[in-house]
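Here is the structure we will look at, set down as structure tokens.
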Amino acid sequence: MKIQVRSEDTLEYYGQLFAVPLVLIIDANLDSNPEQLQVGQTIYIPGYKTSTYSIRHGETIADLTNFYQLEKDALLLLNQTTDFDNLSTGEDILIPSRITHNIVNPKAHYDYSQLQLDLKALVDYYPFIQKRQVGDSVLKKSLDELQIGMGERKVQINASFHANEWITTCIFMQFLNDYLRALVDRDKISGVQALTLYEQSQLFAIPMVNPDGVDLVLNGPPIDLHQHLISLNKGNMDFSGWKANIRGVDLNKQFPANWEFEKKRKPSKPGPRDFLGYTPISEPETKAMAQLALQDDYDRLLSLHTQGKEIYWGYEGLEPPESAILAQDFAVASGYEAVQYVDSFVGYKDWFIQEFRKPGFTIELGIGQNPLPISQFDEIYADMQPLLVRALR
């Protein structure tokens with residue numbers, strides 16, 4: 001919600017007027033000097049929206065504040081040219097209201113287009129989020145990252161490395177929605193004050209690493225690639241089991257962590273799954289993800305996958321002692337099993353542990369056959385919310 005600064009207004013006053021934490025108002029207005037607000041300057045208030053209301057015959061400002069449970073000055077602030085002592089029937093005014101509903105639509109047909117709609121809505125309503133494009137897919141869809149928080153600990157969480165694991169994006173976006181709303185409301189999430197998480201950690205969220213692949217699974221092949229992709233899919237027109245990117249490269253088997261070893265036992269040509277590519281980090285998506293890890297110096301990394309209800313946390317004995325503690329905490333929070341080593345290499349978390357000697361995790365959400373049905377959403381989310389909260393602590 002946008003407001004215009006009046007004489008003697010302060011950000012502290014806005015926080016009190018709208019019951020929003022001051023730190024969130026400051027972070028939503030980073031281009032503004034909180035000590036030197038200018039009259040007429042635009043300020044963003046997170047967690048609110050406005051609606052237009054037409055005055056009925058005889059209504060007064062007292063009627064409006066009572067009905068909408070508002071402070072009188074909230075109406076005056078949003079309607080600075082309105083004479084509330086002489087309201088006219090049919091006159092339009094702006095009414096501020098706190099966001100209490102779900103912004104994200106996680107059970108929708110969750111392709112790249114739906115993700116973009118939800119990202120825009122989250123940034124609009126919670127402008128203390130910092131959104132940036134961190135790369136492109138093969139088909140030039142943006143790889144977007146949301147940064148939330150101000151703490152020293154840096155935590156990257158990503159989803160949908162694998163195309164047919166798109167439900168991980170749905171789960172993660174619902175978590176972001178709940179976390180952001182809890183922040184504005186000074187509320188708890190999974191028993192922890194959201195503002196404490198905000199002050200302790202910076203969350204770097206990449207909700208869809210493989211947008212081309214997700215769109216292929218959910219929408220079918222693009223017209224100009226139709227025959228080529230059917231050929232890569234061994235003549236099958238059903239792409240629901242496709243894991244790779246649009247070039248048939250498995251993005252989570254692209255990283256130089258025992259890559260030469262793994263290459264000998266995996267497919268030698270592009271296809272729906274498990275092809276490592278001809279060289280490590282050859283794809284635009286994996287180049288972007290590797291560059292992020294190298295430049296942003298994360299303290300923890302979580303990759304959301306499906307399925308198995310397992311937490312993979314080790315790699316070749318290179319993981320630090322903190323990894324075991326976190327893995328056990330994640331297991332308690334989610335009910336999943338913590339597994340230190342598996343006969344699998346070349347994943348993003350494997351490379352992260354090898355490269356930085358910091359805690360990295362692959363979380364296998366849910367159980368069944370991929371793609372997991374959206375009917376599992378509620379059960380998976382109930383398991384994941386406390387785990388993701390623990391990741392930020």
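Listed values, structure above:
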{"read-out": "Label assignment, Cα Rg over 2.2 N^0.38 Å derived from the structure, set [x] 1.20; [y] 1.12; [z] 0.95", "value": "[y]"}
{"read-out": "FRET E, pair T89, H109, Förster distance 45 Å, beta-carbon r, rounded to 0.05", "value": "0.55"}
{"read-out": "GNM result for the chain, Cα springs below 10 Å: residue of I43, I246, I353 fluctuating most strongly", "value": "I43"}
{"read-out": "D85, D274, reordered so the largest accessible area comes first (probe 1.4 Å)", "value": "D85, D274"}
{"read-out": "Spin-label model distance (nm) - R393 vs V123, 7 Å beyond Cα toward Cβ", "value": "3.2"}
{"read-out": "Alpha-carbon centroid distance for the pair the stretch 246-309 / the stretch 141-193, whole angstrom", "value": "22"}
{"read-out": "Cβ-derived FRET efficiency at R0 22 Å, E355 paired with E322, nearest 0.05", "value": "0.85"}
{"read-out": "Fraction of accessible area attributable to carbon and sulfur, the chain (%, probe 1.4 Å)", "value": "47"}
{"read-out": "Residue of S160, S201, S282 that the Gaussian network model of the chain assigns the largest fluctuation, springs spanning Cα pairs under 10 Å", "value": "S282"}
{"read-out": "Charge context of L372, other residues only, Cβ under 15 angstrom, K/R +1, D/E -1", "value": "-3"}
{"read-out": "Per residue solvent-accessible surface (Å²) - the chain, probe of 1.4 Å", "value": "43"}
{"read-out": "Inter-label distance, nm, simple model (7 Å from Cα along the C-beta direction), H226/T52", "value": "4.4"}
{"read-out": "Calculated log₁₀ intensity ratio I(q)/I(0) where the Debye formula runs over C-alpha points of the stretch 1-159, q = 0.14 Å⁻¹", "value": "-0.85"}
{"read-out": "Theoretical gain in end-to-end length, Y341 to D299 [0.36 nm per residue, Cα-Cα removed]", "value": "13.1 nm"}
{"read-out": "Per-peptide average of other Cβ atoms within 10 Å, ordering 325-331, 35-41 highest first", "value": "325-331, 35-41"}
{"read-out": "Under the span-like rule (Cα at least 24 Å along the axis, Kyte-Doolittle mean at least -1.0), DSSP H helices of the chain", "value": "167-184"}
{"read-out": "Helix-only CD estimate at 222 nm, as mean residue ellipticity for the chain, using -39500 (n - 2.57) per DSSP H run (n ≥ 4)", "value": "-10500 deg cm²/dmol"}
{"read-out": "Full-stretch length increase - D238, Y68 - with 0.36 nm per residue and alpha-carbon distance subtracted", "value": "56.0 nm"}
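The values are calculated or read from the model by the stated rules, or taken from the named source; none is laboratory data. Note that the structure is a prediction, hence the values are computed from the model and not measured. Here the Cβ is made from the backbone with ideal geometry for all residues, glycine too, and neighbour counts use every protein chain on show. Side chains are part of the model used for accessible areas, which takes the heavy atoms of the whole protein and leaves out ligands, DNA and RNA. Shrake-Rupley method; radii C 1.70, N 1.55, O 1.52, S 1.80 Å.
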